[in-house]
Every structure is written in structure tokens, then in C-alpha cells.
1. Could you go through the stretch 117-127 and let me know if any residue there is in a strand (DSSP E or B), free of Cβ contacts under 8 Å to residues at least 60 places away in the same chain and under 16 Å from residue 56 (Cα atoms).
2. Six or more apart or on different chains, Cβ atoms under 7 Å: show the pairs whose first residue is in the stretch 39-58 and touching a residue at least 40 places away in the same chain (Cβ under 8 Å) and at negative phi and whose second is assigned to a loop (DSSP other than H, G, I, E, B) and buried (at least 24 other Cβ atoms within 10 Å of the Cβ).
3. If we scan the stretch 87-101, do we find a residue that is on the phi > 0 side of the Ramachandran plot, surrounded by fewer than 18 Cβ atoms within 10 Å (Cβ to Cβ) and touching a residue at least 24 places away in the same chain (Cβ under 8 Å)?
């Protein structure tokens, strides 16, 4: 079998950031990398679950909503995948910045987290979400669109 593109990135050198992971026709998959891989510091399931709910809610209600396809957690718990269509690199960066600013400051009832709305409604961590979003916001505030591509590939 062929190695899939996301497994072709050298995860021993990958830093926190925002990267274009792949392009399928007009759909762009973004790597929202909140944690350095394999460093022993991962997002808890409750934290990443709450990030998923708040990120999706904010982005799908933002000025960029027509270009948002999907937001979902990575199984390795180092970040999220963010799928877009028709948005520029700058619009994606702006959307991610605003979404994480929203998550860092959010205080209230987590959208979609009731038993009727969520398949694991008890596994949320708003405080963890706030803290991790604030840490990641420090990273994305410094990025430019030139930073949004991988630089380390496996042979």
C-alpha cells in the first residue's frame, strides 16, 4: 500500500502551527497542530472534544461559514483537521485566529453538549479548552501565510 500523505511528514521535526496538509480538488485539509508530536504533552479527550464543539460552532457561524466543511480532532490528540473550500490562506488563518480567540475566552454552556445532542456529552473540559486555545493562539498570532506549509518530509 502507498503511504498516505499525512504519514509522509516527519513528525519528529513538526512544530506547532497551521499547515496545509492536502488538497483534493477544491477542498483543502488543514493541520491545526496544537502540540508537538511525540513530546508527551497531548490534549485530553475532554479538552479536544470541547475544542471540536466550540471551533465548529464559531467557524460555522463566522463570516467564513460558507467555506467551512469539517472540523475534527486528530486521533493522536495533537490538534485538529480543518477542511475548507474557497477560502484563501489568509482567510483560513484569520478564521483560525478568531476561532481560538473565541475558545480562549468562552465561558458558558458548551454548544451541542447535551445528552440529546452529543454521543459522549459527559466528556468535556471547558477549562482545558480555554487554556489550550490560549496557548495555541500565541502560536497562530505570529504566523504568516508563508508559514502554512510543511517543511519536513520523510524520504
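1. Checking the stretch 117-127: not a single residue is in a strand (DSSP E or B), free of Cβ contacts under 8 Å to residues at least 60 places away in the same chain and under 16 Å from residue 56 (Cα atoms).
2. Hits for this filter: 43/34.
3. The answer is no, given that none of the residues of the stretch 87-101 is on the phi > 0 side of the Ramachandran plot, surrounded by fewer than 18 Cβ atoms within 10 Å (Cβ to Cβ) and touching a residue at least 24 places away in the same chain (Cβ under 8 Å).
This table checks each residue for (1) closer than 18 Å to residue 20 by Cα; (2) touching a helix residue (DSSP H, G or I) at 6+ places or on another chain (Cβ under 8 Å); (3) outside any helix (DSSP H, G or I).
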{"site": "90", "(1), (2), (3)": "yes, yes, no"}
{"site": "94", "(1), (2), (3)": "yes, no, no"}
{"site": "99", "(1), (2), (3)": "yes, yes, no"}
{"site": "102", "(1), (2), (3)": "no, yes, no"}
{"site": "108", "(1), (2), (3)": "no, no, yes"}
{"site": "111", "(1), (2), (3)": "no, yes, yes"}
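Quick note: the coordinates plus some simple rules give every number you see, no bench work behind them. For clarity, every value in this text was computed on a predicted model and none was experimentally measured. Positions of Cβ are generated from backbone atoms using ideal geometry, with glycine treated the same way; all protein chains shown enter the neighbour counts.
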